[in-house]
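Visitor: Before I ask anything, let me first share the structure, which is written out below as structure tokens.
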Amino acid sequence: MKVQQFLDHHGIKENPFGQEDAQSDHVFKEFCLNGTHHPVWDKIFSNPTNPSTSVVFGEKGAGKTAIRMQMIEQLQIHNAQHPDNRVFVIEYDDFNPFLDCFRERYSGRKRRPERLLSYWRLWDHMDAILSLGATQLIGQVIEQDESVENNFQSVSKAQTSQLTHLEKRDLLLLAAFYDHSLDMPAVQRWNRLRRKLKFSYWKTEWERGLGFLVTLATVGLVFYLGNWKDFGQWWIWLIMFAGWAPWLWRQSTLLWKAWRVTREVRVFDHLPNALRKILSRMERRELAGQPIPSRDRSDDRYELLTKFQTILKKLGFTNIIILVDRVDEPHLVNGSAERMRDLLWPMFDNKLLKHPGVAFKLLLPSDVVYYLQREEKEFYERSRLDKQNLITSLDWTGESLYDVACDRVRACSADHSLKHSIRDLFDDSISEQELISQFAQLRVPRHLFKFLYRLLVDHCNRYTVDNPNWKINRETLHTALSLFQRDLDAFDRGMGTG
């Protein structure tokens, strides 16, 4: 007996439990994004108009990635409905590019790889977040897309023209330090942004112009006197050097600043000479007193974050939401709870998590709760987790898992007007309450989907195409559940492949 034959009999066009990962699950993306939520969804998501930070710990398969995708969907709806009060979303879920660059900085030093993340600091997180945000915003300014389907995140020409001269300067400053796009060379992309903002830089060329003018005047004087031998005189070259001295001094100081930024921003690679060229197109007075991420501290990053928020508010984004997920997946972490702790703990700073206008949604593995419970008082005073909407366990009850299974069955039904239920697939002697109690033992949606997929296969393997059985009996249910739990326990102990 084929599984699809069994499903077709119940009016289900495809297997509702064939996928386990939310990112590749088209059933979830098409039908369940807006319908199926975890019971604590409201506390995690909060209100987009006045968002708050949430720190959520959940075991693998508990639905953290699904929650992140649902939040993105809801925020897009909010932005479409409130074009003047939008939320700028930064997805901080791919750590590999930042950690790979960070590792390269220490590749030549005698440090154990397993302890490398202990050198990760708060400002490394801030550099990564500012890089993601600035690159995303600058891409929208350069390639403006004002179509209806993209109005939840687009930046229009009218909004860009409303920026003041100082705000344009700040955006160009953020682009110089944090725009990390591989689409085109850094200098070319920065110049393209400058032209979009109509930010002139001709006044910055006076030192170069002075050098050329002095050189031409000196050469012209020698030609006028007609004594070619004067080119060998030291005072001729001293005059020309004096003409170029202001330009050389400015370029040297900018190169020194660029090198310091390159050394201190450790999460992506800067080219010092390219950064020097960019900074040289900004006047001295424009750069004087501005925050530069050239020291191992967070103060400059906070000031740049504030500038970033000011620009976003002028463009219609009143708040920033940062979605943090998949911290167990980077190569440098490799699922190690200790390395996850080293990566996450610097971010647990109340000044950052409660920064006005910024809300973090941290969807974290439950593996690190062990270390969280063993921290000293100083850690809790710095992080103030009691104020961060802390959820230490993303639990699912049997009832909530039953609802999830029913939602997926209805999503895959050929006729959505019929209220199909997972209960329809089982024998009449199996009550809804019995199914709920059985599902409660599976704890998380991923285990539920794996079990129901295996259960359908086991049931169909017991019957032939010519002699089918359209209901799953109690014996098959209990046998499949006991075998699945045995395999699950073996996997949890590291004895199976899953």
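Please treat every number below as a calculation from the coordinates, not as lab data. Values in this document were obtained by computation on a predicted structure and should not be read as measured data. With ideal geometry, Cβ positions are generated from the backbone for all residues, glycine too; neighbour counts draw on all protein chains shown.
Visitor: Explain nothing, just compute: Karplus ³J(HN,Hα) = 6.51 cos²θ - 1.76 cosθ + 1.60, θ = phi - 60°, for every residue of segment 242-250 in order, whole Hz, x for Gly and Pro.
Guide: Taking θ as phi minus 60°, the curve returns 4, x, 8, 4, x, 5, 5, 5, 5 Hz for segment 242-250.
Visitor: I would also like to ask the following. Work out the charge dipole of the chain with +1 on the Cβ of Lys and Arg and -1 on the Cβ of Asp and Glu about the Cα centre, then indicate which of VAL267, SER429, LEU287 is farthest towards its positive end.
Guide: Ranked along the dipole, the leading option is LEU287.
Visitor: Distance check, please: which entries in LYS257/LYS351; LYS2/LYS64; LYS29/LYS314; LYS354/LYS450 exceed 31 angstrom between their Cα atoms?
Guide: Pairs exceeding 31 Å: LYS2/LYS64; LYS29/LYS314; LYS354/LYS450.
Visitor: For the chain, what does -39500 (n - 2.57) per DSSP helix run (n ≥ 4), summed and divided by total residues, give at 222 nm, in deg cm²/dmol to the nearest 500?
Guide: Here the helix-only value at 222 nm equals -16000 deg cm²/dmol.
Visitor: Tell me which residues come under 5 Å, amide H to amide H, from PHE360 once H is placed; ignore anything under 5 positions away on its chain.
Guide: Correct list: THR53, SER54, ILE322.
Visitor: Which distance in nm do the two modelled labels at LYS29 and GLN81 give, with both placed 7 Å along the Cα-to-Cβ direction?
Guide: Spacing of the two 7 Å Cα→Cβ label points: 2.4 nm.
Visitor: Please identify the trypsin sites (Lys or Arg not before Pro) of segment 404-498 that satisfy two criteria: DSSP loop assignment and at most 11 other Cβ atoms within 10 Å. Which are they?
Guide: LYS419, ARG493
Visitor: Given R₀ = 45 Å, FRET efficiency for VAL40-THR464 by Cβ-Cβ distance, to 0.05?
Guide: Using R0 = 45 Å, I get an efficiency of 0.50.
Visitor: Here is a follow-up. Work out the length of the dipole vector of segment 202-280 about its Cα centre, built from +1 on the beta-carbon of each Lys and Arg and -1 on the beta-carbon of each Asp and Glu, and round it to the nearest 20 debye.
Guide: For segment 202-280, the charge dipole is close to 320 debye.
Visitor: In addition: Mind checking the dipole of the chain: about its Cα centre, +1 per Lys or Arg Cβ, -1 per Asp or Glu Cβ, Debye to the nearest 20?
Guide: That gives a dipole near 2700 debye.
Visitor: Can you match mean projected area of the Cα convex hull in nm² to one of these, (1) 32.0; (2) 23.1; (3) 29.8, based on a calculation from the structure here?
Guide: (1)
Visitor: Still on this model: Output wanted: per-residue J couplings in Hz (rounded whole) for segment 321-330, from phi through Karplus 6.51 cos²θ - 1.76 cosθ + 1.60, θ = phi - 60°, x for Gly and Pro.
Guide: 10, 10, 9, 10, 8, 6, 6, 8, 9, x
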